[in-house]
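Scroll down for the structure; my scribbles are underneath it.
The values are calculated or read from the model by the stated rules, or taken from the named source; none is laboratory data. Remember, it's a predicted structure, so these values are computed and weren't measured experimentally. Cβ placement follows ideal geometry from the backbone for every residue including glycine, while neighbour counts extend to all protein chains displayed. Just the protein is used for accessible areas: all its heavy atoms, side chains included, with ligands, DNA and RNA removed. Shrake-Rupley method; radii C 1.70, N 1.55, O 1.52, S 1.80 Å.
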Amino acid sequence: SDIESKTHFTLWCMMAAPLIAGNNLATMKPGILQILTNKNAVSIDQDKLGIPCFLWARTKGVEVWIKPLVDNNYAVCFLNRGGLPATIDFNLQQTVTDTDFSKSYTIDGSYSVYDIWNNTELGTTQKNISTTIQRHDVLFVILKKK
């Protein structure tokens, strides 16, 4: 589905994976074209730090993945792997530790929260992210230091 394609592409971008389209570009559906050409998503994948995401938390059946970006910004992906919609209420201002590299990241201070797929501002990290994520879908955001 288009939702699962968007989720798949989001995870590629979070992992800093090479972006290679294996489909026929001449017959590509418009929804897939929009996914593959989303400039903000591609910029997350190609961020100059080159650091892949790591699992930050699991909350109410949703995995929360974080990826450090240049300029002390972050990409965050809320992934609903489940078969039903999941409602979250998540505090973005916490210290996170990447256990594989023993490095802590603190989301401290005020960041703007930008929804990559819906192209909208969601506010700041001064309040929790509260939303419902459909089955097999993601909420994919950039946290930009204010």
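I'd like the residue in region 51-70 that is modelled with pLDDT of 90 or more and not in a loop (DSSP other than H, G, I, E, B) and, out of all such residues, is surrounded by the fewest Cβ atoms within 10 Å (Cβ to Cβ). The residue in question is VAL70. Say we look at region 1-20 and pick out the residues that are of a type in the set (Ser, Thr, Tyr), part of a helix (DSSP H, G or I) and out of contact with any helix residue (DSSP H, G or I) (no Cβ under 6 Å at 6 or more places or on another chain); which of these is surrounded by the fewest Cβ atoms within 10 Å (Cβ to Cβ)? Looking at the filtered set, the residue picked out is THR7. So in region 113-142, with the set limited to residues that are without any contact (Cβ under 8 Å) to a residue 60 or more places away in the chain and open to solvent by less than 20 Å² (accessible area, probe 1.4 Å), which one is farthest from ASP47 (Cα to Cα)? My answer is ILE129. Scanning region 21-50 for residues that are open to solvent by 90 Å² or more (accessible area, probe 1.4 Å), closer than 25 Å to TRP65 by Cβ and in a helix (DSSP H, G or I) yields GLN34, LYS39.
Of all the residues in region 87-146, those that are at pLDDT 85 or above, among the aliphatic types (A, V, I, L, M) and not in a strand (DSSP E or B) number 1.
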